[in-house]
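Here the structure is laid out as structure tokens; the discussion comes afterwards.
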Amino acid sequence: MIPIGEFPKLHSDSVPEEAKSTESLKVCLVALGDETFAIDLRQVREIFEPEWITPVPGMPAALVGITNLRGTIIPLADVRATLGVSSSVMPKYAVVIRHGTQQIGILVQEVPEIRTIQLDDLVAPSTRIAAERRPMISAFFKTENKLSAILELSRLLASIEETADEQRPYQQSVKR
């Protein structure tokens, strides 16, 4: 992680208020471990506290089970290991995200706020190694002197699907 003091000065910090970009992104901030991540609000369907989680045998490692949300079965994913964050605190909430036709609940500890961030304040991962280590992060931004990351949900869901493919047993084709 880059120390906050070494993080580059944001464009919007040095530009007068009236000259700042009007392009912004509304995000839902979520806490996982000691880190804060942002999810594009357009992809967030709902936030709720799951009453129960039913484990399903044979699911990928990141998918911990399913829950019923007003008659809709929602698969729940614990992405802490995928993102490389501490799993010392149990998640309390599920953020239901929609990506195309897929809908999945991401388990998180807290949902501190909905925030608007200026696109000028986004900084891409600085090194290829950082991008390879955590490919589900598309950009970083500063919140209260703390570095936060924007989750790229298509990459996050693809990593969950990859673990599902790795767990499927080898199937031999049968001749008729």
Original post:
So, by mean Cβ neighbours within 10 angstrom, what's the order for 27-37, 135-145 with the highest one leading?
Top reply: 27-37, 135-145
**OP:** At 7 Å along the Cα-to-beta-carbon direction for both Thr143 and Ala158, put a label point, then send me their distance in nm to one decimal.
**Re:** 2.5
Original post:
Where Lys and Arg each count +1 and Asp and Glu each count -1, what net charge lies around Lys26 among other residues with Cβ under 9 Å from its Cβ?
Top reply: +1
Original post:
How far apart, in nm, are the 7 Å Cα→Cβ label points at Gln102 and Ile73?
Top reply: 1.8
Original post:
Given that compact globular proteins tend to follow 2.2 N^0.38 Å, what is the ratio of the alpha-carbon Rg of the range 21-166 to that value?
Top reply: 1.03
**OP:** Would you grab the residues whose amide H sits under 5 Å from the one on Thr36? Only those 5+ places off in sequence or on another chain, please, with H modelled 1.01 Å from N.
**Re:** Ala149
Original post:
Among Val96, Val79, Val89, which comes first, then next, by fewest other beta-carbon atoms within 10 Å?
Top reply: Val89, Val96, Val79
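Just so you know, all these numbers are worked out from the coordinates, no wet-lab data involved. This structure is a prediction, so every number in the text was calculated from the model and none was measured. Don't worry about glycine lacking a Cβ; one is built from the backbone with ideal geometry, like all the others, and counts go over all protein chains shown.
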